[in-house]
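Participant: Shown below is the structure under consideration.
We did not get these values from a lab; they are worked out from the coordinates using the rules stated. Everything numeric in this text was worked out from a predicted model, so none of it was measured. Methodologically, a virtual Cβ is constructed for each residue, glycine included, from the backbone with ideal geometry; neighbour enumeration extends over all protein chains shown.
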Amino acid sequence: MAKQKIVVKVTMNTEKKIRKALKIAVSLSGVESASFVGSDKTQIAVTGEDVDSVELTTLLRKGVGYTELLSVGPVEEKKPAAAKESNPAVASLNVNPYQYCYSNYGMPYYAYEI
């Protein structure tokens, strides 16, 4: 199933209800993101795959208060406006793995005769 966007209007009077509503929205299975939309931030937009809009609305009504389901639809994916098919400049980096000289190491201690 494709991604869908659900917009729900919730009556939230206090900070506690705002946090609780967002917590309920994110707790559903399949939810990828939840955010506040609208001018007065009373609407919650939930995006994800296989999210049940009726279950979301019911849980918000039980937990927070009055909830109204505004819209359910597919997610509008943004496509890059200027997708140029040009070969990017490739920079090469020459690395010498033997650039350090470890000549100060002596013979192992067990090879010396005392």
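Participant: When Lys and Arg each count +1 and Asp and Glu each count -1, what net charge do the other residues less than 14 Å away from residue 31, Cβ to Cβ, add up to? The partial results should precede the final answer.
Facilitator: Numbers: positive: 3, 5, 23; negative: 32, 49, 50, 52, 55.
Cβ neighbours under 14 Å give a net charge of -2.
Participant: Can you list the lysines whose alpha carbon sits under 21 Å from that of residue 78, skipping same-chain ones fewer than 8 residues off?
Facilitator: Answer for residue 78, where 21 Å is the Cα cut-off: 3, 5, listed by chain and number.
Participant: Å³ per residue of the Cα convex hull, for region 1-56?
Facilitator: Numbers: hull volume 3.8 nm³, N = 56.
Dividing the Cα hull volume of region 1-56 by its residues yields 68 Å³.
Participant: Let me ask something else. Using label points projected 7 Å from each Cα along Cα→Cβ, tell me how many nm separate residue 68 and residue 29, to one decimal.
Facilitator: The answer from the label model is 3.2 nm.
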